[in-house]
Amino acid sequence: MTSLTLQLATAEDTERLGQDIGLALVKGDLVTLSGDLGAGKSTLVRGLIRTIANDSAYEVPSPTFTIVQSYPELRLPISHVDLYRLSSSEEIDELGLDEALEDGAGLVEWPERADDVLAKPAIRINLLHDGNGRTVEIDGEDAALARLQRSLAIRTFLGRAGYADADRRYLLGDASARGYETIDTGCERPLILMNSPYNPGGPILRDGKTYMQIAHLSQSVTAFVAVNHLLRSNGFYVPQIMSDDLDNGFLLLENLGHEGILDADGAPIVERYEASVRLLARMHERSWARDVEIAKGYTHHIHDFDRDAMMIEVELLSDWYVPRMAGFRLAPEQKATYVAAWDQVFSRLQSSEKSLVQRDFHSPNILWRSEASGIDRVGLLDFQDAMIGPSAYDVASLVLDARVTVEPELQQYLLAAYIEERQSRDSSFNESTFLEAFSIMAAQRNAKILGIFVRLDERDGKPYYLKHLPRIQAYLAGALGHPSLTPVRQWCEKMDLLSLELQ
């Protein structure tokens with residue numbers, strides 16, 4: 001069993017350890033805290049709960065007299081229990097701790113009074129007086145300790161960057177294994193911490209490769225750094241990398257702010273969508289390097305968006321979306337006809353224009369820099385999976401934004417703006433070929449997303465994305481109207497797929 005021993009010189013160090021522990025917790029974690037009176041349990045818990053509350057002044061009263069203090073409103077609901085005044089271990093069942101762990105995490109002080117009635121803790125913490133400071137001994141389950149050790153490694157990384165005492169706060173986690181935090185360094189804007197552990201890629205699917213390898217998805221933070229350098233050197237605004245640890249997958253990034261391309265009601269701001277699509281037109285004029293060296297020993301290769309990558313993505317629809325919507329898995333011959341239909345469609349892309357494809361160019365990954373001008377107003381994020389493929393792909397990603405409804409009139413306006421920008425700067429631009437590639441890429445992307453969002457719910461326990469399915473279904477149906485998509489459209493019609501509702 002792994003164990004940790006830490007030396008804390010001050011109360012501030014103890015509260016910062018609470019931050020680090022709080023950012024490592026997940027639903028179902030039980031944390032026990034032992035130690036004499038005044039050993040620092042309350043200080044550590046205060047730092048932990050304030051971090052999860054994202055509020056440095058958040059009120060954290062002691063549960064000494066109430067025994068249980070609950071925080072159901074937090075990002076991760078917390079139940080804070082103090083067993084010091086417990087008259088009998090038999091009373092523990094009445095505290096509702098088991099129910100609290102179903103939705104959140106539990107913190108238990110004085111666990112030794114429970115007479116082994118408590119569930120097995122994920123993390124055990126023992127605080128000991130040590131002169132004017134304290135020693136902290138930590139052990140627990142391997143998975144929880146691994147999460148905590150990674151959180152402590154982030155604190156070490158911040159120390160090397162000169163921010164050992166900075167306040168850390170959860171920012172977001174996305175559909176991948178990556179996580180993000182804000183790091184308050186005392187400046188006007190906190191920095192952004194990207195926590196991107198190496199992703200081994202899951203099981204082998206075919207030809208000795210995982211899904212991630214077939215689809216050319218990034219497995220390490222090296223890809224983000226490489227594409228960041230490539231975009232910046234070509235005049236596009238991406239976050240400045242303030243510090244990096246490529247081996248461990250940590251980056252400290254410039255904060256581009258909170259202003260996006262949607263209004264307060266979550267609707268597209270036309271000016272900002274137009275600026276974004278015109279930025280794509282400028283991007284697609286350029287030729288792009290395929291191998292990017294970012295440091296000695298670190299080179300990233302930008303892959304082709306090839307037939308295998310396109311196909312493995314649309315198979316997410318057949319393998320995840322169809323069973324969920326239709327209630328049955330496809331027979332081998334049904335799957336074969338689906339793959340054959342897409343093969344016919346993908347063959348039409350051979351003559352399409354190729355450029356850098358960022359892969360997720362839509363509202364969550366575009367920030368608006370109102371203080372800037374020209375294309376610098378558009379700040380770019382989440383481009384680590386970039387490939388070389390049909391330039392129409394990113395246009396389809398934005399015009400048919402998976403996270404927000406773009407009405408058909410605005411879709412046509414944005415397409416016209418892109419085409420105008422391209423034609424004004426390149427007389428060889430072929431509008432007809434582009435529009436065909438746009439329809440194919442729109443269908444391919446939305447087929448993929450339908451499958452991914454169902455998979456996120458069923459495999460990863462992330463149901464949030466299901467609310468977007470009706471919009472993406474409509475986008476896919478619209479894209480399939482182009483004559484080049486006839487084989488896939490006919491397959492979907494035969495399956496009655498586009499009229500099915502979520503099961």
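The values are calculated or read from the model by the stated rules, or taken from the named source; none is laboratory data. Note that the structure is predicted; figures quoted are calculated from it, not measured. Virtual Cβ from ideal backbone geometry, glycine too; neighbours counted across all protein chains shown. The area values use the complete protein model at the heavy-atom level, side chains included, leaving out ligands, DNA and RNA. Shrake-Rupley method; radii C 1.70, N 1.55, O 1.52, S 1.80 Å.
Would the range 352-503 count as rounded, prolate or oblate if I go by the C-alpha gyration tensor, calling it rounded below 1.5 in a/c and otherwise prolate when a/b exceeds b/c, oblate otherwise? Provide the component values of the computation, followed by the final result.
Numbers: a/c = 1.99, a/b = 1.27, b/c = 1.57.
Oblate is the answer for the range 352-503, as a/c is 1.5 or above yet b/c matches or exceeds a/b.
For the chain, give the percent of accessible area contributed by carbon and sulfur heavy atoms, probe 1.4 Å, rounded to a whole number.
Values: 10510 of 22170 Å².
Carbon-and-sulfur percentage of accessible area, whole number: 47.
Ranked from highest to lowest mean number of other Cβ atoms within 10 Å per residue, what is the order of the peptides 96-104, 16-24, 485-493?
On the way: 96-104: 15.3, 16-24: 24.1, 485-493: 18.2.
Highest to lowest by the protection proxy: 16-24, 485-493, 96-104.
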**Study point:** Estimated distance in nm for a label pair at ASN248 and ARG206, the labels positioned 7 Å out from Cα along Cα-to-Cβ
**Key:** 4.0 nm
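If you stretched the chain out fully between GLU12 and ARG425, how much longer would it get, using 0.36 nm times the residue separation minus the C-alpha to C-alpha distance? Provide the component values of the computation, followed by the final result.
Working: separation 413, 0.36 × 413 = 148.68 nm, distance 5.81 nm.
Extra length from GLU12 to ARG425 when fully extended: 142.9 nm.
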Review point. Using the heavy atoms of the protein chains alone and a 1.4 angstrom probe, what is the accessible area of the chain per residue in square angstrom?
Key: 44 Å²
Practice item. In nm, give the distance between the simple-model label positions of ALA295 and TYR84, each being 7 Å from the Cα along the Cα-to-Cβ direction. Key: 4.6 nm
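Size of the dipole of the range 89-143 about the Cα centre, Lys and Arg at +1 and Asp and Glu at -1 on the beta carbon, nothing else charged, in debye to 20? If you can, show how the numbers build up before the last one.
Working: 4 positive and 17 negative charges, 89 e Å.
In total the dipole reaches around 420 debye.
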Check your understanding: Farthest toward the dipole's positive end in the range 346-481, which of ALA417, ILE388, PRO470, given Cβ charges of +1 (Lys, Arg) and -1 (Asp, Glu) about the Cα centre?
Key -> PRO470
Exercise for review: State whether the range 171-324 is rounded, prolate or oblate according to the following rule on the C-alpha gyration tensor (a ≥ b ≥ c being the square roots of its eigenvalues): a/c under 1.5 gives rounded; otherwise a/b larger than b/c gives prolate, and the remaining case gives oblate.
Suggested key: rounded
Point to revise | Per-peptide average of other Cβ atoms within 10 Å, ordering 109-120, 448-459 highest first | key: 448-459, 109-120
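Among 244-256, 293-305, how do they line up by average Cβ neighbours within 10 Å per residue, starting with the highest? List each step's numbers first, then the result.
Working: 244-256: 19.2, 293-305: 14.7.
Final packing ranking: 244-256, 293-305.
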Check your understanding: Rounded to the nearest 0.05, what FRET efficiency is calculated for ASP263 and ASP115 with R0 set to 56 Å and r the Cβ-Cβ distance?
Key -> 0.45
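What is the magnitude of the charge dipole of the chain about its Cα centre, with +1 placed on the Cβ of each Lys and Arg, -1 on the Cβ of each Asp and Glu, and no other charges, expressed in debye to the nearest 20?
On the way: 49 positive and 75 negative charges, 298 e Å.
Charge dipole, the chain, about its Cα centre: 1440 debye, nearest 20.
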Study note, to complete from the structure: The size of the Cβ-based charge dipole (Lys, Arg +1; Asp, Glu -1) of the range 10-148 about the Cα centre, to the nearest 20 debye, is 460 debye
Study note, to complete from the structure: Here, ASN54 and LYS335, labelled 7 Å along Cα→Cβ, have an inter-label distance in nm of 4.1 nm
Practice item. With a ≥ b ≥ c taken as the square roots of the eigenvalues of the C-alpha gyration tensor of the range 79-144, please select rounded if a/c is under 1.5 and otherwise prolate if a/b is larger than b/c or oblate if it is not? Key: oblate
